[in-house]
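The values are calculated or read from the model by the stated rules, or taken from the named source; none is laboratory data. Keep in mind that what you see is a predicted model, and the values were worked out from it rather than measured. Please note: Cβ atoms are built from the backbone with ideal geometry, for glycine as well, and neighbour counts cover all protein chains shown.
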Amino acid sequence: MPFTPEGLKGAHLDTAPAWNGVATSSSPFQSRSQGDEDIATKDRQRVIESAWRPRLHDDIGGTLRGLDGHVHIVGGIEDHVHVLAGLRATRPLADVVREIKRCSSLWIHEEMRRPGFAWQSGYSAFTVSPRALDPVVRYIANQEEHHRILSFRDELVDFLAKAGVDYDPRYLD
């Protein structure tokens, strides 16, 4: 089951409705970029077990909130996680993903007692327009069903092609 703020027991994440890309904080208007970050397990190993997957998604959501991110949804299957979140412009995406990987790896090692768990060294990220938020949330919420038909790798290749991104296939595995 994917993590959404509305589905939280104890609601430790932001439960505000989806926003229009501008949020107020200590300065009047700080922009956020909306993005779908995809993080795969090392060697695409199918090791994220369904029994603790919702807790992992919840942990990732908490990490993002700690980084002042606005989480729309965290979901995924055995070999990857999707994160749809708004990030402050002052937070470089690479730093956010590094922190997600660090904190979630620590959680998996300690709480799930999986000392050999690791994420792949890279990640993919796609910006999401405010109008596309709802379809992307639905897409992430239906990962298990979706990936019965299409592998994560094949899907990523399709996304890259649609976005016109040149890539080296060696970095997809």
Given the conditions (1) closer than 18 Å to Thr63 by Cα; (2) among the small types (Gly, Ala, Ser); (3) crowded, with 16+ Cβ neighbours inside 10 Å, and given that Ser124 satisfies all but one, which numbered condition is not satisfied? (1)
What pairs come out if I take residues in region 122-151 that are closer than 26 Å to Asp168 by Cα and pair them with residues that are part of a loop (DSSP other than H, G, I, E, B) whose C-beta lies under 6 Å away, six or more apart or interchain? Val136/Val128; Ile140/Pro2
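Being hydrophobic (A, V, I, L, M, F, W, C) and touching a residue at least 12 places away in the same chain (Cβ under 8 Å) is the filter here, so list the residues in region 161-173 that pass it.
Step one: list which residues in region 161-173 are hydrophobic (A, V, I, L, M, F, W, C), which gives 161, 163, 165, 172.
Answer for region 161-173, where residues must be hydrophobic (A, V, I, L, M, F, W, C) and touching a residue at least 12 places away in the same chain (Cβ under 8 Å): Ala163, Leu172.
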Note on region 119-173: residues in contact with a strand residue (DSSP E or B) (Cβ under 9 Å, 6 or more places away or on another chain), part of a loop (DSSP other than H, G, I, E, B) and within 20 Å of Ile100 (Cα to Cα) are Gln120, Gly122, Tyr123, Val128
Would you confirm, using the coordinates I've provided, whether Ile60 is touching a Ser or Thr at 6+ places or on another chain (Cβ under 6 Å), at pLDDT 85 or above and either within 24 Å of Glu155 (Cβ to Cβ) or surrounded by 20 or more Cβ atoms within 10 Å (Cβ to Cβ) (or both)? yes
Name the residues in region 49-86 that are over 12 Å from the mean Cα position of the chain (by Cα) and within 18 Å of Ser124 (Cβ to Cβ), would you? Glu78, Asp79
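For region 67-84, how many residues are closer than 22 Å to Arg153 by Cα and part of a strand (DSSP E or B)? Write out each step before concluding.
Taking region 67-84 and keeping what is closer than 22 Å to Arg153 by Cα, we get 73-84.
Among the residues that remain, those that are also part of a strand (DSSP E or B) are: 73-77, 80-84.
Of the residues in region 67-84, 10 are closer than 22 Å to Arg153 by Cα and part of a strand (DSSP E or B).
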For Ser104, state whether it is out of contact with any His (no Cβ under 7 Å at 6 or more places or on another chain), surrounded by fewer than 20 Cβ atoms within 10 Å (Cβ to Cβ) and of a type in the set (Gly, Ala, Ser). no
